[in-house]
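Data block below; observations after.
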Amino acid sequence: MLAELAAFNAGFAVIKQTVMNGKDITSALGSLSNMLGAEEDLKARGNRKKKNIWTKVAGKSANDFEEFVALNSIKEQRKELESMVRLYASFSWEDFIAYEAKMRKKRKEEAEERERAIARLVGFAQWGIAGFWVFGTALGLLYWSWVTYG
């Protein structure tokens, strides 16, 4: 959680410094996408903790207060970012929201592709283990028959 919050804060600091230096905020779009990624990761991490079966079995809470504080901090910084975009950017806040939606969609597609690749790799490993087991069993039976009847 701290890593995601630190990444968001770092991206926000870059954008704020860019604006304070009198540059256009569009020169810091990379930081904007990093901020979006950090925010999404923090939310996803909180959801994973809440859905974790071990947390439910042990009867422990998912440390909701720390996540609440972090997300509240991000919410305040987003308000400040909205103000900066509305005042200093060459694009509108609505354009920024559309950019965020596009980045979220892209990150979701990349995550799904990673999951498919992992599933393919696991499938290959399962077939390899099954093949090795069948081949080893056949060799064992051949050896046993050769020793017993040979």
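Give me the pairs: first residue in region 18-35 and touching a residue at least 60 places away in the same chain (Cβ under 8 Å), second residue outside any helix (DSSP H, G or I) and surrounded by 12 or more Cβ atoms within 10 Å (Cβ to Cβ), beta-carbon distance under 8 Å, and six or more apart or on different chains, which are they?
So the pair list comes out as ASP24/ALA89; ILE25/ALA89; THR26/ALA89; THR26/PHE91.
Within region 1-19, track down each residue that is part of a helix (DSSP H, G or I) and within 17 Å of ARG45 (Cα to Cα).
If the condition is that a residue be part of a helix (DSSP H, G or I) and within 17 Å of ARG45 (Cα to Cα), then LEU2, ALA3, GLU4, LEU5, ALA6, ALA7, PHE8 are the ones that fit.
Would you check which residues across region 66-115 are within 22 Å of LYS23 (Cβ to Cβ), surrounded by 15 or more Cβ atoms within 10 Å (Cβ to Cβ) and acidic (Asp, Glu) and list them?
If the condition is that a residue be within 22 Å of LYS23 (Cβ to Cβ), surrounded by 15 or more Cβ atoms within 10 Å (Cβ to Cβ) and acidic (Asp, Glu), then GLU100 is the only one that fits.
Could you say whether any residue in region 127-147 is assigned to a helix (DSSP H, G or I), among the hydrophobic types (A, V, I, L, M, F, W, C) and within 23 Å of the chain's Cα centre (by Cα)?
Within region 127-147, none of the residues are assigned to a helix (DSSP H, G or I), among the hydrophobic types (A, V, I, L, M, F, W, C) and within 23 Å of the chain's Cα centre (by Cα).
Only one of (1) surrounded by 11 or more Cβ atoms within 10 Å (Cβ to Cβ); (2) farther than 30 Å from ALA3 by Cβ fails for GLY150. Which number is that?
The number of the failed condition is (1).
Does GLU39 meet the test of being acidic (Asp, Glu), crowded, with 17+ Cβ neighbours inside 10 Å and at pLDDT 70 or above?
The answer is yes for GLU39.
Which of the residues spanning region 76-107 are at pLDDT below 90 and basic (Lys, Arg)?
ARG78, ARG86, LYS102, ARG104, LYS106, ARG107
If only one of ILE118, ILE74, ILE97 is in contact (Cβ under 8 Å) with a residue 60 or more places away in the chain and not in a loop (DSSP other than H, G, I, E, B), which one is it?
Criteria check complete, one pass: ILE74.
The values are calculated or read from the model by the stated rules, or taken from the named source; none is laboratory data. These numbers come from a predicted model, not from an experiment. Every residue, glycine as well, gets a Cβ built from its backbone with ideal geometry; the counts of neighbours run over all protein chains shown.
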